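Student: Encoded as structure tokens, here's the structure I'll be asking about.
Just so it is clear, none of the values below were taken in a lab; they were calculated from the coordinates. Only a predicted model underlies this, so the values are computations on that prediction, with no experimental measurement involved. Glycine gets a Cβ as well: all are built from the backbone with ideal geometry, and neighbour counts include every protein chain shown.
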Amino acid sequence: MPSPENVIIIGSGPAGYTAALYAARAELEPLVFEGFAWGGLLQQTTDVENFPGYPAGVGGPEMMQQLREQSERFGARLVTENVTRVEFADDPGGLHRVWVDDEEHLARAVILAMGAEHKRLGAPGELELAGRGVSYCATCDAAFFKDHDAIVVGGGDSAMEEAIFLAKFTRKVTIVHRREQFRASAIMLDRARSVANIELLTPYVVEELVPSPKGALQLARLRNTQTAEQLEMAVTGAFVAIGHVPTSEIVRGAVELDENGYVVTEGRSTRTNRPGVFAAGDLVDHTYRQAVTAAGSGCQAALDAEWYLRDTPVRGKALAA
Ligand code: NAP
């Protein structure tokens with residue numbers, strides 16, 4: 001049986017790495033399972049212009065690399081593996097169990113920071129055409145659509161960002177949004193509107209994504225939500241940017257989740273309903289969901305874990321005095 005860790009952090013991104021940084025600086029020697037997709041959704045972002053301290057902006061992947069290095073500098077142990085199973089103790093001071101396949105790890109405290117994933121549209125054709133015209137990441141896939149026509153589905157900041165990036169490659173991008181009002185911030189909406197080859201189409205939903213005989217996307221069937229008018233648009237790309245769902249599957253049944261799958265925390269703390277298990281970032285937050293708020297809650301989780309370890313009678317590895 002492995003000797004118990006003080007803290008295991010599951011997940012990376014701004015919340016996980018900030019928790020790792022704080023826990024490492026508190027000399028808790030955190031073990032971080034950062035996941036194969038380390039860095040989370042920011043790895044798929046282009047410029048981050050609203051994270052304080054970067055007056056000229058910073059690339060999402062570059063920021064994640066720097067955060068990662070910063071946590072390692074103070075002794076966080078990063079493991080690029082996905083956690084496959086957890087079992088959390090019910091009693092204060094009890095040891096929590098975390099598995100990577102058959103390999104078991106014990107910890108007195110656990111910080112959950114698995115973030116969120118792209119929400120699926122649920123339209124017929126979407127799943128079959130994923131990677132064959134349907135994408136969730138313009139930064140990753142835009143170059144495949146040089147001089148093609150594409151749609152971006154969604155009306156938030158992500159949809160604007162995807163469309164602006166995509167428009168550098170494609171002939172035309174149509175942003176398809178289900179309401180006339182956009183959820184996107186004024187600055188992002190204005191930017192999208194000012195790009196010559198971006199058009200906005202409202203209020204439309206995607207009814208179906210239709211493949212060509214060769215099995216790649218060739219047509220999007222759209223429906224006007226007010227008039228029910230149908231519209232067929234010949235496109236080879238459909239970028240879905242309609243928000244996110246929390247990556248909470250591995251902790252379902254282990255901690256309390258709300259009806260949308262977000263981990264429930266107590267008041268303004270990061271405490272879950274299990275003593276010694278804390279949660280931070282997009283896994284918890286369905287309101288703000290910013291890199292800076294995720295980083296802030298990662299800091300809170302590390303402090304909550306540190307105080308828990310200080311105040312809870314030791315039943316595992318003792319903290320250094
Ligand atoms: P979001 O703000 O939740 O917007 C999701 C959009 O998708 C909404 O317009 C929503 O429509 C639409 N939608 C949701 N489900 C749909 C469905 N089933 N079919 C069709 N449309 C659907 O999500 P987000 O754009 O990913 O942004 C998340 C957070 O990240 C926000 O706080 C945002 O500010 C932030 N963010 C910031 C930046 C930036 O500043 N550069 C970039 C990306 C994201 P309704 O409006 O009708 O609900």
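Student: Rank by packing, highest mean first: peptides 240-249, 100-109, with packing defined as the count of other Cβ atoms within 10 Å averaged across residues.
Tutor: Highest-to-lowest ranking by the protection proxy: 240-249, 100-109.
Student: Are there any helices in the chain, counted as whole DSSP H runs, that stretch 15 Å or more along their axis by Cα and score at least -1.0 on average by Kyte-Doolittle, and if so which? Write out the running numbers ahead of the final one.
Tutor: Numbers: long enough: 13-25 (18 Å, 0.20); 60-73 (20 Å, -1.80); 291-311 (30 Å, 0.10).
Span-like helices in the chain: 13-25, 291-311.
Student: Also: Considering the alpha-carbon set of the stretch 56-128 alone, what are its Rg and its Dmax in angstrom?
Tutor: In order Rg, Dmax, the Cα atoms of the stretch 56-128 give 17.6, 49 Å.
Student: OK, next. State, to one decimal in nm, how far the label point of C140 lies from the label point of T46, with both points 7 Å from Cα in the Cβ direction.
Tutor: Distance between the two pseudo-spin positions: 1.8 nm.
Student: Also, quick follow-up: Counting only other residues whose beta carbon sits under 14 Å from that of P203, what net charge do I get with K and R as +1, D and E as -1? Walk me through the intermediate numbers first.
Tutor: Values: positive: R178, R179, R183, R223; negative: E180, E207, E229.
Net local charge, P203 excluded: +1.
Student: Let me ask another. Along the Cα→Cβ direction, 7 angstrom out, place labels at R25 and Q65. What is the inter-label distance in nm?
Tutor: Spacing of the two 7 Å Cα→Cβ label points: 2.3 nm.
Student: If r is the Cβ-Cβ distance from K172 to N82 and R0 is 35 Å, what FRET efficiency results, to the nearest 0.05?
Tutor: Efficiency, from the Cβ-Cβ distance: 0.35.
Student: May I have the convex hull volume per residue, in Å³, for the Cα set of the stretch 103-167? Spell out each step's value before the answer.
Tutor: Numbers: hull volume 10.7 nm³, N = 65.
Cα-based convex hull of the stretch 103-167, divided per residue, equals 164 Å³.
Student: Taking the convex hull of the alpha carbon atoms in the stretch 10-158, what volume per residue do you get, in Å³?
Tutor: 169
Student: Output the Cα-based Rg and Dmax of the stretch 176-269 in Å, rounding Rg to one decimal and Dmax to a whole number.
Tutor: 18.5, 54
Student: Here's something else I'd like to know. Please state the relative contact order of the stretch 131-226 as a whole percent: Cα pairs under 8 Å, 6+ residues apart?
Tutor: Normalised by residue count, the contact order of the stretch 131-226 is 25 percent.
Student: Over all alpha-carbon pairs in the chain, figure out the percentage whose distance exceeds 30 Å. Can you show the working numbers first?
Tutor: Details: 20609 of 51360 pairs.
Here the tail beyond 30 Å accounts for 40 percent of pairs.
Student: Another one. Can you check what the Kirkwood hydrodynamic radius comes to for the stretch 10-94, Cα pairs only, in Å to one decimal?
Tutor: 13.8
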